[in-house]
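Accompanying notes for the structure given below.
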Amino acid sequence: MPLVSQPAASISDQPAVIPPARPSPAASAPINTALAPTAKIALLRTMVRIRRFEERSLRAYQAKKIGGFLHLYIGQEAVAVGCCSLMGKNDHVITAYRDHGHALGVGMEMNPLMAELYGKSTGCSKGKGGSMHFFAPDKNYWGGHGIVGGQIPLGVGLAYGIKYKGLKGAAMAFMGDGAVNQGAVHESYNLAALWSLPCVFVIENNGYSMGTSQARSSAGELARRAEGYGMAHGVIDGHDLYAVRAGMDAYLRAAREQSKPAVVEIRTYRYRGHSVADPDSTYRSKAEIEEYRRTKDPIQVFQNSLLAEGVLTAALAEQIDNEARAEADVSADFAEASPYPTPADIQSDVYWEADNPSQRKSQGRLFFD
Amino acid sequence: MSLITYREAIRHALAEELTRDANVVVLGEEVAQFNGAYKVTEGLLEKFGPSRIVDTPISEAGFIGMGLGASMLGVRPVMELMFWSFYSVAFDQILNNAANVRYMSGGQINCPIVIRGPANGGTNVGATHSHTPENVLANHPGVKVIVPSTPADAKGLLKSAIRDNDPCFFLENTVLYGNIGEVPEGDILIPLGLADVKRAGTDLTIVTYGRCVLHSLAAADLLEKEHDISVEVVDLRTIRPLDIDTVLASVTKTHRVLIVEEQKPFSSVGSQLAYMIQREAFDELDGPIHRLATVDAPAIYSPPVETEQLPNPQRILTAALAALE
């Protein structure tokens, strides 16, 4: 596990500065020029927080504080942060199992997320969901789903709900490039297009469905499959947060204002294995990973743009990074100190009726121990 | 009281709940313009319009998952499966998503969805269209499973299911759609998880549900006339939650039990019932618990033989006599 075995300092802790520092071309898009300097700094901060959170979680995993799977988002931060930064109050998000970035992107705090990874009762799902199942319905975040492509019909349902209630909103249904060959995804495309549902399907194409490259798994261009359903489609550079915002803005507006669905492929890259159990040594080269890190690291790209714009100073960048590391450490301490759920908690949160006995209408046994 | 069919009873339940709650929508294959593959939803499109009564493409995984996603936002979809047999193409949505979302979110998300449609054999449509998945569904904590046998039960239970905040799976029967029964007028609900003693007796308890209730009642008549045996028929009505207390009370009275189910026997609903009865009423039993199920093979097409594969009054009568030996 070459990447995993190194301490968190390996990846982009101090990557070579991508030369030369210059504003991204997408910085001049109206959706980006509308951002106040403080808002731009906040976006950078969220990306850095995702990375430091995940690096801290990886150390906890290696220390056996976290069980099960841990699918890291490192390298893809601009996608979730860019997309979630565009959310209005009637916009909703659902994603697959690589869900930590979206959770922080919609505004969830580190503490309940880290506690969830630790399996603690203070976790966002009370320790019942784990890494793949983060939820925050109060922030319009509907998970966190473990089965490849299985969340996409739910995303269409969110769009259906938005439309049925007469709201001007959009559902963003995220999936990886490995999900595009699942039947449920195609059924979802059809329903969204057939009924003009305000759903923007976002394919986060990191190049690999687990260990199988796109070339070995998927025929044709991924987003162009939308053409068969008469849907708008496009490709966005996912390394550039400004480009993500500029590209997604148009699709989200069309969804909100005209109830038009779209399929958007956002090209990105993950630095770590599919999960941390992936030794990541059989299907791609270290040189390939290093090349992305060196030239396309989304945090570095955005940081450089902000430096060139005069919005960010090196000192502030360092401060943001230090604060993110400290916050991640605090979340690990919080998780460590939190209690586990008890065996008595196993059977709560199964049925609404069982959890609300005073309002229960049904009779008979719900559980069969 | 009015005399209406099982089909009409379901339709009335839908219409009343559509009228009562604007969040209720009906979606499924052929439910709107076609008036329902089995005419259950006939006239609803005309009355409630295309935003409430929605034809879906043949796309069960897509539209069931879509209904579930909408339910998370507070819509209350009633999804029709043309046959419950098609649940297998939407299995991930039904059992990974509907059954688990509440739990995995730590109780933050409710899924007030109803999935309904027929689940039965006996219509000579072969193995793919004759599944009775109530045992498979009920194996998943988080869901509720309802199998009504009469028009009154169908109406009262469906109304309760639509108002329930947990995912409810409602299994009807194509053979019963035309059956007529007395149904109370108005807003009458039957709680989920409440069994009904359809016939009182003293010698043998038959525990059953769905169409097998009717077969069991017919067998009970024969047993009384021809053998002077008094049979109590307990209709579970709901598989999960389960009213085991009514079953145990009957066993305490008769001391003999026959379970009758239109289920393949291995790991069936009856398997669970037999375990619970022996565990909780062992001392009340005067003999082993007997069970009559579907003959253990895929559903045969051949019309006269399918009748013999399923429970029927004659098979039940024979099984009842064996249980009393």
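Annotation for B:Leu285 and A:Glu109: the two label points, set 7 Å from Cα along the Cα-Cβ direction, are 5.4 nm apart. Structure note, pairs A:Lys40/A:Lys139; A:Lys89/A:Lys126; A:Lys163/B:Lys144; A:Lys168/B:Lys144; A:Lys89/A:Lys296: Cα-Cα distances above 30 angstrom occur for A:Lys168/B:Lys144; A:Lys89/A:Lys296. If R0 is 60 Å, the Cβ-Cβ spacing of A:Ala250 and B:Gln314 corresponds to a FRET efficiency of close to 0.30. Measuring against 24 Å, Cα to Cα, the residue pairs B:Lys39/B:Lys198; A:Lys165/B:Lys159; B:Lys39/B:Lys159; A:Lys65/A:Lys128; A:Lys64/A:Lys120 contain B:Lys39/B:Lys198 as the ones spanning a longer distance.
For region B:190-298, the set of chymotrypsin sites (Phe, Trp or Tyr not before Pro) satisfying both a DSSP loop assignment and a count of at most 11 other C-beta atoms within 10 Å is given as B:Phe266.
Take the Cα of B:Phe34, step 7 Å toward its Cβ, do the same at B:Val295, and the gap between the two points is 3.2 nm. All alpha carbon pair distances within chain B were sorted into 10 Å bins beginning at 0; the resulting P(r) in whole percents reads 6, 27, 34, 23, 9, 1.
On C-alpha positions alone, give me the angle between the axis of helix B:60-72 and the longest principal axis of chain B, in degrees, nearest 10. Between helix and principal axis, roughly 80 degrees. Going from the residue with the fewest nearby Cβ atoms within 10 Å to the one with the most, B:Leu189, B:Leu44 rank B:Leu189, B:Leu44. Taking a ≥ b ≥ c as the square roots of the Cα gyration tensor eigenvalues, with a/c under 1.5 meaning rounded and otherwise prolate when a/b beats b/c, else oblate, which class fits region B:2-183? Judged from the Cα gyration tensor, region B:2-183 comes out rounded (a/c under 1.5). Computed over region B:181-235, relative contact order equals 47 percent, with contacts defined as Cα pairs under 8 Å that lie 6+ residues apart. Fewest-first ordering of A:Ile41, B:Ile190, A:Ile236, B:Ile64 by other beta carbons within 10 Å of each residue's beta carbon gives A:Ile41, B:Ile190, A:Ile236, B:Ile64. The calculated FRET efficiency for the pair A:Glu318 and B:Phe91, based on their C-beta separation and a Förster distance of 51 Å, comes to about 0.50.
The coefficient of translational diffusion for the protein assembly as shown, derived via Stokes-Einstein from the alpha carbon Kirkwood radius under 4 °C and 1.567 mPa s, stands at 48 µm²/s.
Shape call for region B:196-323 from the C-alpha gyration tensor, a ≥ b ≥ c root eigenvalues: rounded (a/c under 1.5), prolate (a/b greater than b/c) or oblate? In terms of gyration-tensor shape, oblate.
Run the numbers on chain A and let me know its relative contact order in percent, using alpha-carbon pairs under 8 Å that are six or more apart. Relative contact order of chain A: 25 percent. Each principal axis of the Cα cloud of chain A was evaluated for its coordinate range; sorted largest first, these ranges are 70, 50, 43 Å. Determine the shape class of region A:108-243: with a ≥ b ≥ c the square roots of the Cα gyration tensor eigenvalues, call it rounded for a/c under 1.5, and otherwise prolate if a/b is greater than b/c, oblate otherwise. Because a/c hits 1.5 or more and a/b fails to exceed b/c, region A:108-243 counts as oblate.
Hydrophobic, long helices, defined as DSSP H runs whose alpha-carbon span along the helix axis is 27 Å or greater and whose mean Kyte-Doolittle value is at least -0.5, occur in chain A at A:37-62, A:314-337. Summary value for region B:275-325: 39 percent relative contact order, contacts being C-alpha pairs under 8 angstrom separated by 6+ residues. With the charge dipole of chain A set up from +1 on Lys and Arg Cβ and -1 on Asp and Glu Cβ about the Cα centre, the Cα lying farthest toward the positive end among the listed residues A:Val93, A:Leu194, A:Ala354 is that of A:Leu194. Taking 14 Å as the cut-off, the amide N atoms of region A:205-249 that come nearer than this to a point 7 Å along the Cα-to-beta-carbon line of A:Phe69 belong to A:209-212. Distance between the 7 Å Cα→Cβ label points at B:Glu182 and B:Thr128: 4.4 nm. Between A:Arg22 and A:Asp369, the contour length at 0.36 nm per residue exceeds the Cα-Cα span by 118.5 nm. Which of B:Leu222, B:Phe91, B:His131 sits closest to the plus end of the dipole of the protein assembly as shown, meaning its Cα is farthest towards the positive end, when Lys and Arg get +1 and Asp and Glu get -1 on the C-beta? Farthest along the dipole direction, towards plus: B:Phe91.
This ranking places B:Phe34, B:Phe63, A:Phe302 by how few other beta-carbon atoms lie within 10 Å of each, fewest first, which gives B:Phe34, A:Phe302, B:Phe63.
Coordinate-derived values only; no laboratory data. As the structure is a computational prediction, the values presented were derived from the model and not from experiment. Quick reminder, even Gly has a Cβ in these numbers, built from the backbone with ideal geometry, and neighbours come from all protein chains shown.
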